[in-house]
Amino acid sequence: MRRFSRTAIAIAAVASLALTACGDDKDEDEVVVTTTANDGSTDTTVVETEDHDAHHDHAAMQHNTDGGEAPAGMNDAVNPKFNVGDKVRIDAEHMPGMEDAIGTIKGAYATTAYEVNYEPTDGSPRVEDHKWVVHEELDNPGDAPLRDDTPIVINADHMKGMKGAKGTVEDAETTNVYMIDFDANGQHYTNHKWVTEDELENL
């Protein structure tokens with residue numbers, strides 16, 4: 001039987017591990033890799049795998065439970081699809097447990113909502129594709145809507161490390177946005193910001 005060198009097998013094992021980690025949606029903390037030397041002896045090593053969704057998971061779990069008041073200067077939505085006090089079903093997953101939760105509308109506003117990437121001020125991993133930050137929550141943004149990749153400074157405090165963070169616009173949507181109260185994963189969220197009109201359904 002043909003034997004491979006320890007180095008060759010180790011490289012193959014690590015390459016296989018990398019492909020498995022990137023192709024599997026499940027998070028894995030460690031994998032056991034066994035290598036065989038030319039003399040037939042074996043060696044077992046525990047290899048820690050990287051969580052590819054770490055930046056997303058961190059951001060998702062750090063939303064403030066009390067969102068506070070709407071920013072100054074926001075305009076109430078005219079003839080919104082959902083009105084203050086309406087019960088709605090959430091069709092968005094900005095954080096674990098949010099999708100399909102039942103919420104109550106606390107405010108409806110007409111604005112430009114941005115999907116953004118940013119570097120948290122508390123040293124946490126970079127946050128990508130965060131939904132949503134509205135135009136009124138940006139530092140001296142100029143006229144709306146901002147173009148994709150426009151540099152921004154965020155004045156919102158939706159989660160830890162967001163206020164004062166520098167980032168860029170990923171996408172912009174001129175729409176009605178809503179503050180909502182809802183329960184997710186045993187937590188009660190009040191005045192959560194923001195959910196767009198197409199992320200809500202009537203009960």
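In this calculation the C-beta distance from H188 to T121 is compared with R0 = 30 Å, giving a FRET efficiency of 0.70.
Listing V195, V153 from the residue with the fewest other Cβ atoms within 10 Å to the one with the most, what is the order? Could you put the intermediate results ahead of the total?
Values: V195 26, V153 14.
In order of increasing Cβ crowding within 10 Å: V153, V195.
Computed extension length for D100-T168: 21.5 nm, one decimal, from 0.36 nm per residue of separation with the Cα-Cα distance subtracted. Here the relative contact order of the stretch 55-202, from alpha carbon pairs under 8 Å that lie six or more residues apart, stands at 30 percent. Each label point was placed 7 Å from the Cα along the Cα-to-Cβ direction; for E197 and K160 their separation is 3.6 nm.
Just so you know, all these numbers are worked out from the coordinates, no wet-lab data involved. For clarity, every value in this text was computed on a predicted model and none was experimentally measured. Here Cβ is always computed from backbone atoms with ideal geometry, including for glycine, and neighbour counts include all displayed protein chains.
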